[in-house]
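These notes concern the structure reproduced below.
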Amino acid sequence: MSLSDSSPFLSSNQTLESSLRIAGSNDSLALALLHAACFPDAAWSATTIHDILSGCGGCGVLAEAPPLATPVGFVLCRTILDEAEILSFGVAPPWRRFGLGRRLLTAAQHMATTTGATALFLEVAEDNHPAQNLYRQNGFFRVGRRPDYYRHGGASVAALILKRTLLE
């Protein structure tokens with residue numbers, strides 16, 4: 001993917017490349033380290049991630065950057081009957097704002113559809129406006145709010161519950 005010269009990380013003649021692949025339970029440690037980089041106040045353990053990926057309806061996608069397949073983004077989902085939920089979704093800070101989040105979100109929507117889900121849910125911090133914009137641009141709409149759901153630096157932040165209807 002090419003970037004414009006407005007990128008703070010790369011010049012206009014460089015490209016930012018990554019590949020997406022299905023994450024397996026053997027990726028749990030790498031995913032836990034990436035989760036900690038994305039969410040330092042609420043990092044998940046490798047055991048938690050392993051349980052999601054090996055549990056009923058659990059799945060994930062991992063974005064890796066060449067040349068060493070460095071993990072740079074992920075999405076973890078679970079489908080139960082006809083509803084899927086994005087449990088966690090993150091992109092490493094230096095890789096944000098280059099379209100990788102959109103690619104991971106599209107992959108999550110595809111996985112949810114192929115598992116029979118007709119709706120995809122997620123929660124996002126009320127103060128995370130870049131993520132809310134991404135979700136809105138991809139067809140998500142607000143269906144609820146959980147007060148005091150997240151803790152950021154000792155402060156409570158509400159979660160917005162978003163939904164996207166999937167094509168059957």
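For the chain, the relative contact order comes to 16 percent (Cα pairs under 8 Å, sequence separation of at least 6).
Let me know the shape class of the range 92-136, please: from the alpha-carbon gyration tensor, a ≥ b ≥ c as square roots of the eigenvalues, rounded when a/c is under 1.5, otherwise prolate if a/b is greater than b/c, or oblate. It is oblate, given that a/c is not under 1.5 and a/b is not larger than b/c. Note on the range 65-125: with charges restricted to the Cβ of Lys and Arg (+1) and Asp and Glu (-1), its dipole about the Cα centre is near 380 debye. Residues CYS77, CYS59, CYS38, arranged from fewest to most other Cβ atoms within 10 angstrom of their Cβ, appear as CYS38, CYS59, CYS77. Phi angles across the range 46-57 convert, under the Karplus curve 6.51 cos²θ - 1.76 cosθ + 1.60 with θ = phi - 60°, into 3J(HN,Hα) values of 4, 5, 4, 5, 4, 4, 5, 5, 9, x, 4, x Hz, Gly and Pro given as x. Between the residues CYS77, LEU87, LEU105, the greatest Cα displacement towards the positive end of the dipole of the range 60-121, with unit charges on the Cβ of Lys, Arg, Asp and Glu, is found for LEU105. Taken along its principal axes, the alpha carbon cloud of the chain reaches lengths of 45, 34, 33 Å, longest axis first.
Whole-Hz Karplus values for the range 150-167 come out as 9, 10, 10, x, x, 9, 8, 10, 6, 9, 9, 9, 10, 9, 10, 6, 9, 5 Hz, taken residue by residue from phi with 6.51 cos²θ - 1.76 cosθ + 1.60 and θ = phi - 60°; glycine and proline positions read x.
Across the range 105-119, computed HN-Hα scalar couplings (Karplus, 6.51 cos²θ - 1.76 cosθ + 1.60, θ = phi - 60°) run 5, 4, 5, 5, 4, 5, 4, 4, 5, 5, 8, x, 6, 10, 8 Hz from first to last residue, x flagging Gly and Pro. Here the chain is assigned +1 on the Cβ of each Lys and Arg and -1 on the Cβ of each Asp and Glu. Its dipole about the Cα centre then comes out at about 300 debye. Using a simple spin-label model with pseudo-atoms 7 Å out from Cα toward Cβ, LEU68 and ALA125 lie 2.8 nm apart.
None of the figures in this text is laboratory data; all of them are computed from the coordinates on show. Just so it is clear, the structure is predicted and the values come from calculations on it, not from any experiment. When we count neighbours, we look across all protein chains shown, and the Cβ atoms used for this are built from the backbone with ideal geometry, even at glycine.
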